[in-house]
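Working notes, structure below.
The values are calculated or read from the model by the stated rules, or taken from the named source; none is laboratory data. Just so it is clear, the model here is predicted, and its values are computed rather than measured. Here Cβ is always computed from backbone atoms with ideal geometry, including for glycine, and neighbour counts include all displayed protein chains.
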Amino acid sequence: MNMDERIRRINELYHKSKDVGLTDAEKQEQDRLRKEYAASVRANLKAQLDNIDVENEDGTIENLGEKYRAKKSGGPGKNGEEQD
C-alpha cells in the first residue's frame, strides 16, 4: 500500500468512526496505519535533515542530521565534540 492509499484509508476510517463507529478490526487497522504514516513522516524528516548542512558563524560546516541525532542520543557530534 503506497502512502496515498494509506492516507485515503486513514481518512475513510476516520469518517466512518464519526458516522457509525468502527469494528475492533477497523480500530486496529486505523491504529496500525496511523503508526506507519507517522514512522514514514519521521523517516522522511530525518532523510531531509541528513542532506542539510549549515555554516556556523565560525565558518565550520555542520550537518543537521548528525547534530540532532547527537543531541537526542547525548553523544558526540560530527567533530567528536559534545553537543549542548
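For the range 1-12, the set of residues classified as of a type outside the set (A, V, I, L, M) and in a helix (DSSP H, G or I) consists of D4, E5, R6, R8, R9, N11, E12, listed by residue number. Applying a threshold of 6 Å to beta carbon distances and a minimum spacing of six or more residues, or different chains, the list of pairs starting in the range 33-54 at a residue that is without any contact (Cβ under 8 Å) to a residue 40 or more places away in the chain and ending at one that is β-branched (V, I, T) and assigned to a helix (DSSP H, G or I) reads L33/I10.
Go through the range 13-30 and report how many residues are surrounded by 14 or more Cβ atoms within 10 Å (Cβ to Cβ) and either in a helix (DSSP H, G or I) or not hydrophobic (A, V, I, L, M, F, W, C) (or both).
Going through the range 13-30 one residue at a time, the tally reaches 5.
The condition of being under 28 Å from I10 (Cβ atoms), among the polar types (S, T, N, Q) and either in the same structural domain as N11 (by TED's automatic domain parsing) or modelled with pLDDT under 85 (or both) does not hold for Q83.
Just the residues that are of a type outside the set (A, V, I, L, M, F, W, C) and under 25 Å from the mean Cα position of the chain (by Cα), please, taken from the range 18-36. Outline the logic, then answer.
Going through the range 18-36, the residues of a type outside the set (A, V, I, L, M, F, W, C) turn out to be 18-19, 21, 23-24, 26-32, 34-36.
Listed by number, the residues that qualify are E26, K27, Q28, E29, Q30, D31, R32, R34, K35, E36.
Flag: L33 does not match the condition of being touching a helix residue (DSSP H, G or I) at 6+ places or on another chain (Cβ under 7 Å) and part of a loop (DSSP other than H, G, I, E, B). Flag: D19 does not match the condition of being at pLDDT below 90 and acidic (D, E).
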